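One structure is given below, encoded as structure tokens.
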Amino acid sequence: MSNHIVTEKLAITLQVYDPATTVNYRQYDDKFIQTKAYLHLAGKLSNLCQSFERPIAMLDVGCGTGRYFHVLTNVDRLFAMDYSENMLVQAQHPFREAEISMDKIVFKQGNFYDFDFENQSFDFIYSIGVLGEHTVFDRHVCNKLFELLRPGGKLFFTVVDLEARKTFKRKIMESLYPFVPTSIKQILDKRWETCYLTWNQLENIVSKQGFKTYQIERYASEDPKWKGVHLECIATKK
């Protein structure tokens, strides 16, 4: 099922993020800095970067317009990837470009799900508003992130909290699901197909990966471009 969703979501990405849309997205960065969501996320990224005692190699999965590049410190090299080539065009001159402290940023267009990183590895990987939202976060993705991390490496990512998006009607239908005919189940399965995850689903994936530690927290954002409840996960490799 994951491969099917990945293909479907990638096709939507190419349609949605056309040149005009990505220009508008980049222009919104100037407004986003005034939101609580920006302060929250930028603070987390900055603190995680500074938790290392040496310059680090970083991977941004779904970098978009490079909105957070300027808050990344103690970084020797950043590998910034996105499936949208139009987004990467905007990321060439990201928000607060003059404040970026990294010496080297490598941009790559591609789909993380099957992208070949060859022998590269990273100290810190982050992904905001991509996994568990615009594409899947499943065991394959979790394992790939884990393998790309160096020993002692850290992972920070967000997913949309599915439980918070469920309507009262859906909750009723879920309670009746075991008792309805197979034909109805197939209709509901298709209707409910999403990349979003519940807390339990997310923890079930992360807890089995072998991280030294992990923690999941909820964050409710009021930002119009990133509105709703999100699950944030920080995990550390042994």
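The values are calculated or read from the model by the stated rules, or taken from the named source; none is laboratory data. Bear in mind the structure is a predicted one, so any value in this text is a computation, not a measurement. Here the Cβ is made from the backbone with ideal geometry for all residues, glycine too, and neighbour counts use every protein chain on show.
Considering each of LEU10, LEU39, LEU48 in turn, give the residue that is touching a residue at least 60 places away in the same chain (Cβ under 8 Å), of a type outside the set (S, T, N, Q), surrounded by fewer than 17 Cβ atoms within 10 Å (Cβ to Cβ) and not in a loop (DSSP other than H, G, I, E, B).
LEU10
Is it true that some residue in region 212-234 is surrounded by 13 or more Cβ atoms within 10 Å (Cβ to Cβ) and at positive phi?
Yes; the residues of region 212-234 include at least one that is surrounded by 13 or more Cβ atoms within 10 Å (Cβ to Cβ) and at positive phi.
Take the residues of region 151-172 that are in contact with a Leu (Cβ under 7 Å, 6 or more places away or on another chain) and among the aromatic types (Phe, Trp, Tyr): which is farthest from CYS49 (Cα to Cα)?
Ranking the qualifying residues of region 151-172, first place goes to PHE157.
Could you say whether any residue in region 67-75 is exposed (fewer than 14 other Cβ atoms within 10 Å of the Cβ) and either more than 18 Å from PHE157 (Cα to Cα) or without any contact (Cβ under 8 Å) to a residue 12 or more places away in the chain (or both)?
Looking for residues that are exposed (fewer than 14 other Cβ atoms within 10 Å of the Cβ) and either more than 18 Å from PHE157 (Cα to Cα) or without any contact (Cβ under 8 Å) to a residue 12 or more places away in the chain (or both), one finds none in region 67-75, hence no.
Identify the single condition in (1) surrounded by fewer than 18 Cβ atoms within 10 Å (Cβ to Cβ); (2) within 20 Å of ALA235 (Cβ to Cβ); (3) not acidic (Asp, Glu) that ARG96 does not satisfy, given that it satisfies every other one.
(2)
Yes/no matrix, rows are residues, columns are (1) hydroxyl-bearing (Ser, Thr, Tyr); (2) in contact (Cβ under 8 Å) with a residue 40 or more places away in the chain; (3) assigned to a helix (DSSP H, G or I); (4) surrounded by 13 or more Cβ atoms within 10 Å (Cβ to Cβ):
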residue: GLU147; (1), (2), (3), (4): no, no, yes, no
residue: PRO151; (1), (2), (3), (4): no, yes, no, no
residue: PHE157; (1), (2), (3), (4): no, yes, no, yes
residue: ALA164; (1), (2), (3), (4): no, yes, yes, yes
residue: ILE172; (1), (2), (3), (4): no, no, yes, no
residue: ASP189; (1), (2), (3), (4): no, no, yes, no
residue: ASN204; (1), (2), (3), (4): no, no, yes, no
residue: GLN209; (1), (2), (3), (4): no, yes, no, yes
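Every residue in region 56-102 that is touching a helix residue (DSSP H, G or I) at 6+ places or on another chain (Cβ under 7 Å), charged (D, E, K, R) and in a helix (DSSP H, G or I), please.
Across region 56-102, the qualifying residue is only GLU99.
Quick check on LYS31: is it outside the structural domain of GLN186 (by TED's automatic domain parsing), over 19 Å from ILE125 (Cβ atoms), of a type in the set (Lys, Arg) and part of a helix (DSSP H, G or I)?
Yes; evaluated as a whole, the condition is true for this residue.
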